[in-house]
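Remarks on the structure that follows.
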Amino acid sequence: MIHWIPLQRMEQLEELVANSEKRPQVIFKHSTRCSISSMVLGRLERETPPEGWDFYLLDLLAHRTISSAIAENFQVHHESPQVILIKNNEVVMDESHMAIQMDELKSYA
């Protein structure tokens, strides 16, 4: 089961980048109004996540400024739903919509 860390403060972006040097950091950008986003979130939650990774859940509707900062800071195009994997201060994977798969995340372990 995934233990989601709510991504609600800009300061958390700096923290997760620093933590990416120790362990992988995953951001799931979720739109609570989007049925595809809800379906992908449910699919991820039914899978077993890699141990020792941090999983952040960003509610796009409540925290648009954080979503924009992610796109700018990590140089990724905004999508929803979207998963971004950060290791050693760099984005190593960026997927959206139905391409989001736990097996692909695990392949970066």
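The values are calculated or read from the model by the stated rules, or taken from the named source; none is laboratory data. Not measured: the values here are computed from a predicted model. Cβ sites come from the backbone with ideal geometry, for glycine too, and all protein chains shown count toward neighbours. Please note that ligands, DNA and RNA were not included when accessible areas were found on the heavy atoms of the full protein model with its side chains. Shrake-Rupley method; radii C 1.70, N 1.55, O 1.52, S 1.80 Å.
In the set Glu104, Glu95, which member is open to solvent by less than 60 Å² (accessible area, probe 1.4 Å), farther than 20 Å from Gln12 by Cα and in a strand (DSSP E or B)? Please lay out each step first, then the result.
Details: Glu104 fails: in a strand (DSSP E or B).
Selected residue: Glu95, the only one of Glu104, Glu95 that is open to solvent by less than 60 Å² (accessible area, probe 1.4 Å), farther than 20 Å from Gln12 by Cα and in a strand (DSSP E or B).
Could you list, in sequence order, the residues of region 28-61 that are open to solvent by 20 Å² or more (accessible area, probe 1.4 Å), assigned to a helix (DSSP H, G or I) and farther than 13 Å from Trp4 by Cβ?
Of everything in region 28-61, those that are open to solvent by 20 Å² or more (accessible area, probe 1.4 Å), assigned to a helix (DSSP H, G or I) and farther than 13 Å from Trp4 by Cβ turn out to be Ser35, Ile36, Ser38, Met39, Arg43.
Just the residues that are open to solvent by less than 40 Å² (accessible area, probe 1.4 Å) and either in a helix (DSSP H, G or I) or farther than 13 Å from Val83 by Cβ (or both), please, taken from region 1-16.
Gln12, Leu13, Leu16
Just to verify a result, which residue in region 62-75, among those that are modelled with pLDDT of 95 or more and assigned to a loop (DSSP other than H, G, I, E, B), is most open to solvent (accessible area, probe 1.4 Å)?
Per the stated criteria, the residue is Ala62.
Please list, ordered by first then second residue, the pairs with beta carbon atoms under 7 Å, 6 or more apart or interchain, first in region 30-59 and farther than 20 Å from Asp103 by Cβ and free of Cβ contacts under 8 Å to residues at least 40 places away in the same chain, second open to solvent by less than 70 Å² (accessible area, probe 1.4 Å) and not in a loop (DSSP other than H, G, I, E, B).
Pairs found: Thr32/Asp59.
Those residues that are of a type in the set (Val, Ile, Thr) and within 18 Å of Cys34 (Cβ to Cβ), I need them from region 77-109; list them, please.
Of everything in region 77-109, those that are of a type in the set (Val, Ile, Thr) and within 18 Å of Cys34 (Cβ to Cβ) turn out to be Val83, Ile84, Ile100.
Of all residues in region 76-92, which are touching a strand residue (DSSP E or B) at 6+ places or on another chain (Cβ under 7 Å) and open to solvent by 10 Å² or more (accessible area, probe 1.4 Å)? If you could, list the steps in order and put the result at the bottom.
Initially, region 76-92 is screened for residues touching a strand residue (DSSP E or B) at 6+ places or on another chain (Cβ under 7 Å), giving 76, 79-86, 91-92.
Scanning region 76-92 gives Val76, Glu79, Ser80, Val91, Val92.
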